[in-house]
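Step one of this worksheet: look at the structure below.
The values are calculated or read from the model by the stated rules, or taken from the named source; none is laboratory data. None of the values given here were measured: they were computed from a predicted structure. Here Cβ is always computed from backbone atoms with ideal geometry, including for glycine, and neighbour counts include all displayed protein chains. Side chains included, ligands, DNA and RNA excluded: accessible areas come from the protein's heavy atoms. Shrake-Rupley method; radii C 1.70, N 1.55, O 1.52, S 1.80 Å.
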Amino acid sequence: MGLSAGDTKLSVIGDRQSLALFRMVGASTYEVQPGEDVEEAVRRAARDGSRLIIVLKHVVRDEERLRKVASQEGVTLLVLPTKWAKAEPINVEKLLMEALGLG
């Protein structure tokens, strides 16, 4: 059973070292290596009941494709920047619209 907020189950997808902290707070975790099939991990998390999925950016190859998979699965996706990922500006308005299902 994973960490949940009300009826929303939270899962985190990332590498082994990074996931240890999320496990300590009770989140369900799915381990992948950078470049592996993160999309399949999103599908597994959704099948396991997750509605909010955090993916660590350094394991993501194609963020646009990942967002399409999340949309198809009906889950909210948050790609969390890490120190190993290339820094990009954050568009808070776009993230809010996506979280509300409007973007």
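Here is a yes/no grid of residues against (1) part of a helix (DSSP H, G or I); (2) hydroxyl-bearing (S, T, Y); (3) at pLDDT 90 or above; (4) surrounded by fewer than 14 Cβ atoms within 10 Å (Cβ to Cβ):
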| residue | (1), (2), (3), (4) |
| --- | --- |
| G2 | no, no, no, no |
| L10 | no, no, yes, no |
| I13 | no, no, yes, no |
| S18 | yes, yes, no, no |
| R23 | yes, no, yes, yes |
| G26 | no, no, no, yes |
| T29 | no, yes, yes, no |
| P34 | no, no, no, no |
| E40 | yes, no, yes, yes |
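Each residue in the stretch 42-77 was checked for being closer than 17 Å to D15 by Cα and assigned to a loop (DSSP other than H, G, I, E, B), and 3 pass. Between R61, R65, R51, R47, the distinction of being open to solvent by 70 Å² or more (accessible area, probe 1.4 Å), out of contact with any Phe, Trp or Tyr (no Cβ under 7 Å at 6 or more places or on another chain), basic (K, R) and at pLDDT below 90 belongs to R61 only.
Being aliphatic (A, V, I, L, M) and over 21 Å from G101 (Cα atoms) holds for only one residue in V55, V59, V42, V75, and it is V59. It is to be established whether one or more residues within the stretch 78-97 are in contact (Cβ under 8 Å) with a residue 60 or more places away in the chain, open to solvent by less than 80 Å² (accessible area, probe 1.4 Å), assigned to a loop (DSSP other than H, G, I, E, B) and over 16 Å from S11 (Cβ atoms). Yes.
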